[in-house]
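Data first, discussion second: the structure below is written as structure tokens.
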Amino acid sequence: ETLIWLAVYNKSSFSFDKLKVLKGRDVFTFPDLSKDGNTFKEWETKAKDYENRLPGTRFIFSDLLEQLAPNTDKTNGNDLADYLIKQDWQLFRRRVIQEQPEPQHKRVHLETEKCEKCEPLKKTFFSHVEPLPKIEVFKTERESWTNEINELEAFFNGIELPPDPVKLNPWTKIVDARLFIENNLATVKANNGKRTFLPYLKQLQSFRTICLSKKNERTG
């Protein structure tokens, strides 16, 4: 099963406009750290509203950082990425892990510094306040994007691409048009029909519209 990692940028960006693309998904949420856990509480409140507005969507919150992070990290507003970038990604490749009994006298901390006092952990980590009703899922045959991909490839091969950076949407700017096209085409070809990768196809279609508009401006 494919997992999509979505960063919302900062505390206030946990907004409906950004999260509505996740409609129908189970969303495992790691709120930014904050003093007194204010961000965690605010995001939980917002998530309840978003679930009502996005049928079939469920936000499952992790309090892992809240439990293990030292107070300095909470004051600084650290997030999950601040810890992940310190890790060696090769250690997380799929492998067989032998379970070992949990030591009684140790606590694994997010940083190497010693803590002055360790309180017992609450074994929560992931929670959802109100379970959603079960939704029956029907398996359908995978759709094919072959025609769309061929049309896009032919279009971009036959048009002069914008030499300057192009703003695709409020949060995406294309600096190298040719590299953007090659990467997105390679992605949709390798994952033809997989709904998870539909945004890559949509981005190419949006960029085609922009290129047509700029071409009409030059010729008009």
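A few comments on the model shown:
- Residue in the range 37-60 that is open to solvent by 50 Å² or more (accessible area, probe 1.4 Å), out of contact with any Gly (no Cβ under 7 Å at 6 or more places or on another chain) and among the aromatic types (Phe, Trp, Tyr) present: no
- Residue satisfying all of: in the range 60-93; among the basic types (Lys, Arg) and free of Cβ contacts under 8 Å to residues at least 12 places away in the same chain; farthest from Tyr9 (Cα to Cα) among these: Arg93
- The residue that is farthest from Asn216 (Cα to Cα), counting only those in the range 148-191 that are touching a residue at least 24 places away in the same chain (Cβ under 8 Å), surrounded by 12 or more Cβ atoms within 10 Å (Cβ to Cβ) and of a type in the set (D, E, K, R), is Lys189.
- Within the range 191-220, the residues that satisfy the criterion of being of a type in the set (A, V, I, L, M) and modelled with pLDDT of 90 or more are Leu201, Leu204, Ile210.
- As a summary of the residue check, Lys194 satisfies the conditions (1) under 20 Å from Val21 (Cα atoms); (2) basic (Lys, Arg); (3) without any contact (Cβ under 8 Å) to a residue 60 or more places away in the chain except for the one numbered (3).
- Take the conditions (1) under 19 Å from Ala154 (Cβ atoms); (2) in a helix (DSSP H, G or I); Arg218 misses just one of them, which is (1).
- Selection within the range 193-209 - open to solvent by less than 40 Å² (accessible area, probe 1.4 Å) and closer than 18 Å to Glu160 by Cα: Leu204, Phe207
- Qualifying residue in the range 12-21 (condition: open to solvent by 80 Å² or more (accessible area, probe 1.4 Å) and farther than 14 Å from Leu54 by Cβ): yes
- Matching residues in the range 1-11 - criterion: being in contact with a helix residue (DSSP H, G or I) (Cβ under 6 Å, 6 or more places away or on another chain) and surrounded by fewer than 12 Cβ atoms within 10 Å (Cβ to Cβ): Thr2
The values are calculated or read from the model by the stated rules, or taken from the named source; none is laboratory data. Quick caveat, the model's predicted, so the values are computed rather than measured. Virtual Cβ from ideal backbone geometry, glycine too; neighbours counted across all protein chains shown. Remember, those area values only see protein heavy atoms, side chains included, never the ligands or the DNA or RNA. Shrake-Rupley method; radii C 1.70, N 1.55, O 1.52, S 1.80 Å.
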